[in-house]
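I have placed the structure first, in the form of structure tokens, so that the comments after it can refer back to it.
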Amino acid sequence: MKKILVLLLVLLAATSLHARKGPNHQAIRALGMGNAFVAVAEDRDAIYYTPAGLNLMGRLGNYKENPELGYYPDNWLDLRLAVISSLKLPDLFQMTTSGWTFYDEHKKTLRHLDDDALGTLLADDDFFKDALVIDGMFFPVGLRPIHGEVAFKHFGAALWSEAEVRPAFDIGVITPSAVIDEISAVAVGQLAWAFGIGKNFSVGLGYRMVEKATIGRYEVSLADGLSPDELRDRLEDELSDVTDHVVDDLTSFSMDHAFDVGLMWQFAREWRFGAAVQNLFVDGYGGETVTPELTAGFAFSPRKLQRNTAYARKVNFAVDYEDMLNDDRNYKPLSHLNFGFEVEQVLLAVPSMRLGSNARVMKARGAMGFKGGYFTLGAGLELLRVLNFEFVTWAEEAGYYTGQAPERFFLFEFSVGL
């Protein structure tokens, strides 16, 4: 107990309140169970959530030597490379339904904008009133062009990048406009190392090398006196300039550097505590100071539900209090609360004589949870231990309090790994 109290004090002492947040890669497995993962991580995703989890690799499959860790399949090596870029999509159903309803009710007006754009809009009495439904509705689209990790006991490395654009339609006070709220891109390389203190404690350290480029708000309005064709051409030119700016920034190689610290405590056979501080930047992030992200949580892995045979099964329940030093996204403390569960089951295997070893042919995973008050759902299918198909949906609060302006996302990924 004294050891964990000392380590927690070290984590807290290493943090201080600043302005902005640093970059974090959100793993599909973790998002599926509400992002409650800091005490669960025992695979390659530990690189992102707590480096201490790497110390559990290669230990969980041997129940005779480590009975306090419960029944789990052994995973001495974990390797993944996303061969098809992951695509983060907004709620397309909501966007399509709202947009089509608006177009259907005002298609006559929209078809005659070439004649007199401003006059045509002002002649439609209900245009601006109905446009309030979609006014300012952002539909952020994200892309993960690079995404890969390798991990084994005590060590892990990852390289990932993400880009996001946030377009919207803004009705404005007099005339509507097309808006791009922000275009951002980030590239991150991570290293992580973990070691054990006795049988029950794990401590980890992580390093991040980060480069980010961000372009602010761009707006093109009918008030500029341009025809729809001229507006489209201008918007295409603006987008081209923004894209070139992002590429130039990301190839300038002016990197920022940060560190992570994590710990795990297996205080009972079925219970584990985890905590991590992420994004301890050395000289700030893009010239700005950063609020480190402190997360702590518990995981419960009921021994009676686990199977360590050829048809292995893994069941985890978890709860996290995430990013507890930040209060900018929500003034309600429960918005930082994540919880969920996952079930992983081998569906087809060629059994082996050795306990915990099998020629796995097909494995499925399902997960549910709540992240900051919003429902999450994840699923995955592994074939021949190499091919992985994964899906997750979750929501993030774009407003100040939970329920004000939720943005739901859908993420699909296909990867190869071991």
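Please treat every number below as a calculation from the coordinates, not as lab data. Given the structure is predicted, the values throughout are model-derived calculations rather than measurements. Note: ideal-geometry Cβ built from the backbone for every residue, glycine included; neighbour counts use all protein chains shown.
Quick one: order 215, 47, 146 by neighbouring beta-carbon count within 10 Å, fewest to most.
Values: 215 19, 47 30, 146 15.
Starting with the residue having the fewest Cβ neighbours, the order is 146, 215, 47.
What ranking of 324, 264, 57 emerges when the number of other C-beta atoms within 10 Å of each C-beta is taken as an exposure proxy, fewest first?
Values: 324 15, 264 32, 57 24.
Placing the least packed residue first, the sequence is 324, 57, 264.
May I ask which of 199/363; 153/212; 21/314; 153/314 have a Cα-Cα span longer than 23 Å here?
Values: 199/363 30 Å; 153/212 30 Å; 21/314 33 Å; 153/314 19 Å.
Flagged as over cut-off: 199/363; 153/212; 21/314.
Full-extension gain between residue 364 and residue 200, please, as 0.36 nm times their residue separation minus the C-alpha to C-alpha distance. If you can, show how the numbers build up before the last one.
Details: separation 164, 0.36 × 164 = 59.04 nm, distance 2.94 nm.
Result for the pair: 56.1 nm of gain on full extension.
Just want the ordering: 42, 397, from fewest to most Cβ atoms lying within 10 Å of their own Cβ. Write down the numbers at each step before the final one.
On the way: 42 28, 397 19.
With the fewest neighbours first, 42, 397 line up as 397, 42.
List the residues of segment 282-303 whose backbone N lies under 20 Å from a point placed 7 Å from the Cα of residue 334 along the Cα-to-Cβ direction.
Correct set: 296-298.
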